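Asks: After the structure tokens below, expect a handful of questions from me.
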Amino acid sequence: MLSPAGCAHSPGTLLPEIATMICLHVVAACVFAAAAEPATIIQPRIIETRTVALTQTVTLKDIPAGANQVRLWVPIPSDATWQRVVDRKIISAPGTWSVVRQSEGRGDFLYVQIDKPQTSEASVVLECAVERQGVAFPMDVADAPRDIQSAQFKLDLDQGAPLMAVNAQIQKMADDACKDERDPAKQAVILMHVVADAADHYSKDPSKPKCGRGSAEDCLTQGGGCCTDLHSLFIALARARAVPARMQYGYRLLDAKAGPTAYDPGYRCWIEVFIPGAGWVPTDIVAADGAKDDVPNKWAALSATRVWLWQGRSFELTPKAATSRIDTMTCGWAEIDGKAVDVLPAADGSPSKLTRTVQFAVLKTDRTADTPKIAE
């Protein structure tokens with residue numbers, strides 16, 4: 001595991017890089033707003049700063065004998081808002097590999113190409129140290145202008161996006177909830193609660209599907225599902241009201257899982273909604289809805305237990321994959337002789353051939369017994 005060298009800073013203070021990112025974040029929020037009157041600045045509260053050392057292993061199994069070529073795209077931690085990667089090293093990877101920055105700020109992927117594979121299994125192992133800040137936005141003080149310059153948010157307002165499309169049912173659902181409200185911040189909070197009331201994550205209701213394609217329509221039909229189902233529904237509802245919204249992906253490293261044993265963290269997504277005066281505000285609706293009453297920071301908040309990997313969905317990979325558009329991805333993407341490996345479990349429940357495990361240790365945290373809780 002990596003040492004905490006170079007990770008130290010004063011508890012309760014912002015790192016220079018993160019402070020700069022926050023300044024740019026807020027400045028962008030004011031510039032993007034298309035209102036005649038200035039937006040009220042919504043200053044985020046940094047609840048906790050946490051640094052972890054982690055080992056991530058992504059494995060492709062059941063490579064058939066005689067295969068000519070295997071290609072892997074493995075998302076790896078990289079710098080983002082509220083996240084700083086202070087060390088990173090590829091421990092092992094078969095074939096030839098390179099770190100490739102994906103387009104439109106989607107993060108770093110490790111691209112691996114194996115010609116004439118000699119084994120039935122291929123693994124990519126990464127070690128890194130990641131510093132993450134838990135953040136909460138006081139949305140109750142929001143006084144955002146009524147209008148957002150939609151031309152600047154084409155992707156984040158796309159009402160026809162695959163699996164997150166706005167149909168008549170979703171439009172009515174959004175309009176019935178928000179009525180005449182035009183403030184983006186107030187609408188966002190209203191719609192977060194609409195999703196929580198209309199749908200349950202499988203951790204709350206075990207009868208809901210545990211893994212699917214992540215669809216707003218499926219979420220309504222099933223009354224819930226996985227985190228991507230619920231967050232896809234929110235994104236469709238927000239876009240129906242002309243509020244920019246987008247998806248972020250990664251996984252959680254909960255304190256209880258720290259230690260020498262590697263485990264499958266699954267994946268976890270969350271949403272970001274653009275609020276003039278605040279910028280992009282994160283929320284995990286699943287975590288917020290499942291949080292106990294003594295957790296004050298639920299909505300418009302995200303804990304430091306996350307590791308961010310990539311942004312968005314329905315995009316093309318770099319280098320280009322045989323599958324032109326990737327709608328659903330959990331721990332990466334793989335192709336064997338130009339044919340995509342299914343990233344979802346099979347109909348009989350057997351797992352995907354592409355899996356991920358992590359093992360981590362908490363190097364530093366400034367959390368104390370008095371630190372306000374935040375939904376994890």
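What follows draws every value from the coordinates through simple rules; no lab data is involved. Worth saying up front: this structure is predicted, and the values here are computed from it rather than measured. Virtual Cβ from ideal backbone geometry, glycine too; neighbours counted across all protein chains shown.
Asks: Against the globular-protein guess of 2.2 N^0.38 Å, express the Cα radius of gyration of the chain as a ratio, rounded to two decimals.
Replies: 0.98
Asks: Then there is this: Can you find, among Tyr263, Ser98, Pro75, the residue sitting farthest towards the positive end of the charge dipole of the chain, where Lys and Arg contribute +1 and Asp and Glu -1 at Cβ?
Replies: Among Tyr263, Ser98, Pro75, the one farthest towards the positive end of the dipole of the chain is Ser98.
Asks: For segment 181-269, which chymotrypsin sites (Phe, Trp or Tyr not before Pro) are both in a DSSP coil and crowded by at most 15 other Cβ atoms within 10 Å? Intermediate results must be reported in sequence, preceding the final value.
Replies: Working: sites: Tyr202, Phe234, Tyr249, Tyr251, Tyr263, Tyr267; in loops: Tyr202, Tyr267.
Qualifying residues, ordered by number: none.
Asks: Could I ask something else about it? Please list 280-286, 156-162, 242-248 highest first by mean number of surrounding beta-carbon atoms within 10 Å per residue.
Replies: Averaged packing, sorted descending, gives the order 280-286, 242-248, 156-162.
Asks: Order of 321-333, 353-365 by packing, highest average Cβ count within 10 Å first?
Replies: So the order, starting with the most tightly packed, is 353-365, 321-333.
Asks: Give, rounded to the nearest 20 debye, the magnitude of the charge dipole that segment 126-239 has about its Cα centre when Lys and Arg contribute +1 at Cβ and Asp and Glu contribute -1 at Cβ.
Replies: 200
Asks: Taking the Cα centre of the chain as the origin and placing charges on Cβ (Lys, Arg +1; Asp, Glu -1), which of Leu220, Ile63, Thr323 is farthest toward the positive end of the dipole?
Replies: Final value for the positive-end residue is Ile63.
Asks: When ranked by the protection proxy of mean other Cβ atoms within 10 Å per residue, highest first, what sequence do the peptides 308-320, 189-201 form?
Replies: Descending packing order for the listed peptides: 189-201, 308-320.
Asks: Another question about this same structure. Based on DSSP, what percent of beta bridges with both residues in the chain are antiparallel, to the nearest 5?
Replies: Working: 76 of 79 bridges.
Once the DSSP bridges in the chain are tallied, antiparallel ones form about 95 percent.
Asks: At Lys179 and Gln149, where each label point lies 7 Å from the Cα along Cα→Cβ, what is the point-to-point distance in nanometres?
Replies: Calculated label separation equals 3.3 nm.
Asks: Taking the Cα centre of each part, how many Å lie between segment 63-95 and segment 268-337?
Replies: For segment 63-95 versus segment 268-337, the Cα centre distance is 18 Å.
Asks: If I take every Cα pair under 8 Å that is 6 or more residues apart in segment 207-326, average their sequence separation and divide by the length, what percent do I get for the relative contact order?
Replies: Working: 184 pairs, mean separation 24.7, N = 120.
Value for segment 207-326: 21 percent.
Asks: To the nearest 20 debye, what is the magnitude of the charge dipole of the chain about its Cα centre, counting +1 on the Cβ of each Lys and Arg and -1 on the Cβ of each Asp and Glu?
Replies: Approximately 640 debye in magnitude.
Asks: Filter Lys292/Lys353; Lys179/Lys373; Lys320/Lys364; Lys61/Lys364; Lys89/Lys257 down to the pairs with a C-alpha to C-alpha distance above 30 Å, please.
Replies: Long pairs (Cα-Cα over 30 Å): Lys292/Lys353; Lys179/Lys373; Lys320/Lys364; Lys61/Lys364.
Asks: Also, quick follow-up: Taking only Cα atoms of segment 49-157, what ratio of Rg to Rh do you get with Rh as the Kirkwood inverse-distance radius?
Replies: Value, to two decimals: 1.14.
Asks: Towards the positive end of the charge dipole of the chain, with charges on Cβ (+1 Lys, Arg; -1 Asp, Glu), say which of Gly134, Ala288, Met173 has the farthest Cα.
Replies: Highest projection toward the positive end goes to Gly134.
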